[in-house]
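The values are calculated or read from the model by the stated rules, or taken from the named source; none is laboratory data. These figures come from a predicted structure and were not determined experimentally. Positions of Cβ are generated from backbone atoms using ideal geometry, with glycine treated the same way; all protein chains shown enter the neighbour counts. SASA here: full protein model, heavy atoms, side chains in, ligands and nucleic acids out. Shrake-Rupley method; radii C 1.70, N 1.55, O 1.52, S 1.80 Å.
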Amino acid sequence: MGEKEIPGYTYGTQAVAKSPVSLEDFDLLKKTVLFTEEDEKYLRLAGEVLGDQVEDVLDLWYGFVGSHPHLVRYFSDLQGEPDSSYLAAVRKRFAQWILDTCNRSYDQDWLNYQHEIGLRHYHTKKNKTDNVQSVPIISYRYLITFIYPITATIKPFLEKKGHSAEEVEKMHQAWFKSLVLQVTLWTNPYLRQEDY
């Protein structure tokens, strides 16, 4: 499935508002998390490694979410039953997110789309992309704590193509830094701008 065929995937389009985080402030965030051009290089390599494993990664992550009622509730209807259509729609965008994390330039379009993802976790746009009736927000605490499982569980997939332990570690660290950057950007709608 091409990215143009993913419902609700609006990367680089006019449907995505400009991020309130400037490119200058984004550069400071990158410096703070020690994200460099070498990390970009190793993310590209990770994209090559993960390209044909995306569905396996998602099977693992969806199994994790599905096995924890406090997490799957964010993809459930108002009666608390998991919404399979909602989960399937999000899965397609989640697959593309893996590829975007590895392969996109971290430019203004990327920065804008991170803000869009944040809005889709917050009251502003939660449930609207897929026109579903579910809980109105993904709790801030789970954005932060989800960094660990999404980072820890990617490493075995990065090891599957025969790269050296050093290369795998560099891919893994680049992934971790990117995830911290992204979640930091996703939390913007949750905070008063003067506190962000």
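Remark: C-alpha extents of region 1-92 on the principal axes read 44, 32, 29 Å, sorted largest to smallest. What are the aspartates and glutamates whose alpha-carbon lies under 19 Å from the alpha-carbon of Lys128, with same-chain residues fewer than 8 places away excluded? Filter leaves Glu5, Asp77, Glu81, Asp83, Glu116. Bridging of Lys161 to lysines at a Cα separation below 18 Å is possible for Lys41, Lys170, once same-chain residues fewer than 8 apart are set aside. Anyone know which of His70, His172, His115 comes out most mobile in the 10 Å Cα GNM of the chain? Result: His70 has the largest fluctuation of those listed.
Put a plus charge on the Cβ of each Lys and Arg, a minus charge on the Cβ of each Asp and Glu, and nothing anywhere else: the dipole of region 94-196 about its Cα centre is then about 320 debye. Computed over the chain, the per-residue total of -39500 (n - 2.57) for DSSP H runs of n ≥ 4 gives a 222 nm mean residue ellipticity of -17500 deg cm²/dmol, rounded to 500. Taking the simple approach of a point 7 Å from Cα along Cα-to-Cβ for both His123 and Glu166, what is their distance in nm? It works out to 5.2 nm between the two label points. For the chain, the per residue solvent-accessible surface stands at 52 Å², with DNA, RNA and ligands left out and a 1.4 Å probe.
The length gained on full extension between Leu99 and Lys31, counted as 0.36 nm times the residue separation minus their Cα-Cα distance, comes to 22.2 nm. Here the chain has 55 percent of its accessible surface on carbon and sulfur atoms, given a 1.4 Å probe and all protein chains in place.
Between Tyr142 and Ala17, full extension at 0.36 nm per residue minus the direct alpha carbon distance yields a gain of 42.6 nm. Computed FRET efficiency, Cβ-Cβ of Lys155 and Leu78, R0 25 Å: what is it to the nearest 0.05? The value I calculate is 0.10.
Projecting the Cα atoms of Tyr106, Ala88, Thr32 onto the dipole axis of the chain, where Lys and Arg carry +1 and Asp and Glu carry -1 at the beta carbon, places Ala88 farthest toward the positive end. With the biggest extent put first, the Cα atoms of the chain measure 48, 38, 31 Å across the principal axes.
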